[in-house]
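To start, the structure itself, in structure tokens.
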Amino acid sequence: MSAVKKGEAMEQAIISQAPQLEKLIATTAHEKMPWYHGKISRQEGERRLYSGAQPDGKFLVRDREESGTFALSMMYGKTVYHYQILQDKSGKYSMPEGTKFDTIWQLVEYLKMKADGLVTNLGEACVNGKTAGKTPSLPATRRPGTNGYTPPPRAPSVLKPDVPTDREVLPMDSDVFNPYHNPNEVRKFNIQRTQLLIDELELGSGNFGCVKKGTLTTESGQVDVAIKVLKSDNEKLVQDEMMREAEIMHQLSNPFIVRMLGLCKAENLMLVMEMASAGPLNKFLSTKKDTVTTENIVNLMHQVSMGMKYLEEKNFVHRDLAARNVLLVNQQFAKISDFGLSKALGADDNYYKARTAGKWPLKWYAPECINYHKFSSKSDVWSFGITMWEAFSYGGKPYRKMKGPDVMRFIDSGSRMECPPACPERMYEVMKECWTYKHEERPDFKKVAEYMKSYHYSISNKAKPEEAAAAAAAEPIK
Ligand code: ADP
Ligand code: MG
């Protein structure tokens, strides 16, 4: 093959990849846009919008602190309005009930033309001093071309210096192009080592290393954090596992789920989470038998059911729901943690199939997990039943001294654990529902959360408004 032919073949190969490459670039394109201000607070966003002229539609996009989502702030009638940009489980961005887009940058382009629920269309950008001048001119419209791809207009400012002028521009000519960049990787959350103070105090430990107490310094002040520190001698595989755990947590935002605040790559890989200082539910209950009422436990398990309902809605399976993985912020506020085994299900899947059995918490697993390696929100419901049993037994061990295979026979024969002494009959009824053998007949978390809510309210004599809602309201919402 001649050199020319070879070059052409190569180019053809590259062009056939163009749509994918284009998407890769576009995913991060907003980072170089003048209207993108990175991680700034709502107040700072307002300050920037109010400085200088204040035409209607002047806008900026910022990372919402802690939650990993984006917010849009815009000026209208000399007032700043804030909108959360929603991201669905497939990663698409939109305004509430608006049109969905693959990238923030496309959404913004669209909102310039159509208000889609905003007070007005987006107008001029509130320019971020740091990125101004670096705006890449990426494809603004897609016109049909080779394989549906039309190169972007030339924008010398973002092109690498050695791009020949006698051919059309390709994605890799742009200096924002990085084919090795995974658009899904956790990157909004990089915490600098200097922002972290790590205590000697160990909150817990596992195979991966240990969890330490610490303090994180951010623009808005200092917060107590729990830091999962990966042992430095751990191989790549364990590191990948922790990255996967971070990726899952990154996508979750609910008051009853432990929030991930970020990842710090320093002497060790560290997963930084909000602190749940009263620790695991089973330990808490076993040491505080005398001060914790049944009503208190109902409240906590109601919260866990709400967290799980959220997870079910987002199509995530936890796979390790157990009292040891429910952490308490305080005696009245529970959060689900430990997403080490969790999986995000595909849009059309309702279960995850494990190829091989691992180190599994068998006593918490539904029959279909053990027999067919099938994990779904319904199998999490089974685990929720076991977790309830643990809670109402004040941290007791399920199935006492039985071994895994004994438990399987026990369940297959139709037997179930008995009602713990202090447990209300209606709560035991819920447990038994959760332990319905066939997952098709088992209630989902929507149903379970309803059961928990109605019982919780029925025993809250003081017609208290939702304690859980109060707990949720206490959450920092930015
Ligand atoms: P493992 O995968 O080893 O079970 P976990 O995520 O469950 O890891 O964490 C292990 C222990 O570390 C927990 O049992 C708890 O004691 C402590 N821990 C983990 N996360 C937090 C947190 N956010 N706040 C307080 N303690 C925590
Ligand atoms: Mg755990």
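Is it fair to say GLY52 is over 25 Å from THR218 (Cα atoms) and either touching a strand residue (DSSP E or B) at 6+ places or on another chain (Cβ under 8 Å) or exposed (fewer than 15 other Cβ atoms within 10 Å of the Cβ) (or both)? Yes: the conditions hold for GLY52. Residues of region 316-341 that are more than 9 Å from ligand 1 (Cβ to nearest atom), over 20 Å from TYR451 (Cα atoms) and at pLDDT below 95: ASN330, GLN331. Scanning region 392-399 for any residue that is within 16 Å of ligand 1 (Cβ to nearest atom) and at pLDDT 95 or above turns up at least one such residue. The single condition among (1) assigned to a strand (DSSP E or B); (2) more than 16 Å from ligand 2 (Cβ to nearest atom) that ALA226 does not satisfy is (2).
Against the definition (among the β-branched types (Val, Ile, Thr), assigned to a helix (DSSP H, G or I) and within 13 Å of the chain's Cα centre (by Cα)), how does ILE248 come out, yes or no? So ILE248 passes the test. Apart from one condition, MET270 fits all of (1) more than 22 Å from SER67 (Cβ to Cβ); (2) within 13 Å of ligand 1 (Cβ to nearest atom); (3) not polar (S, T, N, Q); the exception is (1).
Tallying residues that are within 14 Å of ligand 2 (Cβ to nearest atom), charged (D, E, K, R) and either closer than 13 Å to ASN282 by Cα or within 12 Å of the chain's Cα centre (by Cα) (or both) within region 314-334 yields 1.
No other residue among VAL304, VAL292, VAL329 is part of a strand (DSSP E or B) and either of a type in the set (A, V, I, L, M, F, W, C) or crowded, with 20+ Cβ neighbours inside 10 Å (or both) apart from VAL329. The set of residues in region 111-127 being touching a Lys or Arg at 6+ places or on another chain (Cβ under 8 Å), modelled with pLDDT of 90 or more and in a loop (DSSP other than H, G, I, E, B) consists of LEU122, GLY123, GLU124, CYS126.
Condition (residue is more than 23 Å from TRP435 (Cα to Cα), in contact with a Phe, Trp or Tyr (Cβ under 9 Å, 6 or more places away or on another chain) and more than 14 Å from ligand 1 (Cβ to nearest atom)) applied to region 358-380: is it met by at least one residue?
In the first step, residues of region 358-380 are kept if they are more than 23 Å from TRP435 (Cα to Cα); the result is none.
No.
The rows are residues; the columns are (1) in a loop (DSSP other than H, G, I, E, B); (2) surrounded by 24 or more Cβ atoms within 10 Å (Cβ to Cβ).
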position: ASN282; (1), (2): no, no
position: ASP320; (1), (2): yes, no
position: LEU341; (1), (2): yes, no
position: ARG355; (1), (2): yes, no
position: TRP360; (1), (2): yes, no
position: ASP380; (1), (2): no, yes
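The values are calculated or read from the model by the stated rules, or taken from the named source; none is laboratory data. On a predicted model such as this, the values are computed, not experimentally measured, just so you know. All Cβ positions, glycine included, derive from the backbone under ideal geometry; neighbour counts span all protein chains shown.
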